[in-house]
Amino acid sequence: MEAQISTDVAVVIERRKSSHPWAEFSWKGIGVVEAAETLCDWQVVREDEASTQFLFGPVSITLHRKLGEAYDANMETGTPSLWLMLDDADTDPVPYKVRGVTADPYEAQGMQDAGDGLIERVPMPADILQWTVAFLKKMPEPEAFKKRRRKSAKTEEQQFGKVPIFQEGGRMVPGEGE
């Protein structure tokens, strides 16, 4: 089994006029589509008086063999998702640059905790879902958890007239000698 596999997609985001006095627009991740061509910059896909949709790609989605538990958690939600990870940028017409797209909910959560950029959860397209499920089926079952047995602690034995450190009358008794 391969350690990791990748496929390319294009990211779709939407800009809407904002009613907030401090922001001209609000931005939302809409989804991903198959990456048909290489785009140098954000391209307008659809525009009307209420909103504008932009497309950027290709962006690589990579599945790693060691992250099988995370992908399983994503599948078990009942609505498998991808997360669009966008970093703030001073560019026009879209003030974001694409950091990546992931199927790992834990990676997305870590990015959200950082509080930078825009992290959007979008539905996983059917072709990406099939690709992910095929990868997960090839993965070996994880090893069963084995609890380790504790080893008994060795206490310090008195040797050559030495008084043990942490006993009554020893060198370091709490509350004395400061």
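The values are calculated or read from the model by the stated rules, or taken from the named source; none is laboratory data. Just so it is clear, the model here is predicted, and its values are computed rather than measured. Neighbour counts run over all protein chains shown; Cβ positions are idealised from the backbone, glycine included.
Select, from ALA3, ALA108, the only residue that is at pLDDT below 90 and small (Gly, Ala, Ser). Show your work before the answer.
Details: ALA108 fails: at pLDDT below 90.
When all the criteria are applied, what remains is ALA3.
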Problem set entry | Sole residue being of a type in the set (Asp, Glu), over 25 Å from LEU136 (Cα atoms) and either in contact with an Asp or Glu (Cβ under 8 Å, 6 or more places away or on another chain) or touching a residue at least 60 places away in the same chain (Cβ under 8 Å) (or both), chosen from ASP72, ASP92, ASP87, ASP41 | ASP87
Exercise. From the set of residues in region 1-36 that are touching a residue at least 12 places away in the same chain (Cβ under 8 Å) and outside any strand (DSSP E or B), which is nearest to LEU82 (Cα to Cα)?
Worked result: ALA35
Exercise. How about region 18-41: which of its residues are out of contact with any Ser or Thr (no Cβ under 8 Å at 6 or more places or on another chain) and surrounded by 12 or more Cβ atoms within 10 Å (Cβ to Cβ)?
Worked result: TRP27, LYS28, GLY29, ILE30, GLY31, VAL32, VAL33, GLU34, ALA35, LEU39
For this session: For LEU63, indicate whether it is assigned to a strand (DSSP E or B) and at pLDDT 90 or above.
Result: yes
Seminar exercise, completed: Of the conditions (1) surrounded by 15 or more Cβ atoms within 10 Å (Cβ to Cβ); (2) of a type outside the set (Gly, Ala, Ser); (3) not in a loop (DSSP other than H, G, I, E, B), the single one that VAL94 does not satisfy is (3)
Seminar exercise, completed: Among VAL133, VAL122, the single one that is in contact (Cβ under 8 Å) with a residue 24 or more places away in the chain and in a helix (DSSP H, G or I) is VAL133
For this session: Determine if region 73-87 includes at least one residue that is among the acidic types (Asp, Glu), in contact with a strand residue (DSSP E or B) (Cβ under 7 Å, 6 or more places away or on another chain) and either surrounded by fewer than 12 Cβ atoms within 10 Å (Cβ to Cβ) or within 19 Å of ILE119 (Cβ to Cβ) (or both).
Result: yes
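Taking region 97-119 on its own, how many of its residues are among the acidic types (Asp, Glu) and not in a loop (DSSP other than H, G, I, E, B)? Give the steps one after another, and end with the answer.
From region 97-119, those among the acidic types (Asp, Glu) are 104, 107, 113, 116; that's our starting set.
So of that shortlist, the ones also not in a loop (DSSP other than H, G, I, E, B) come out as 107, 113.
Number satisfying all stated conditions: 2.
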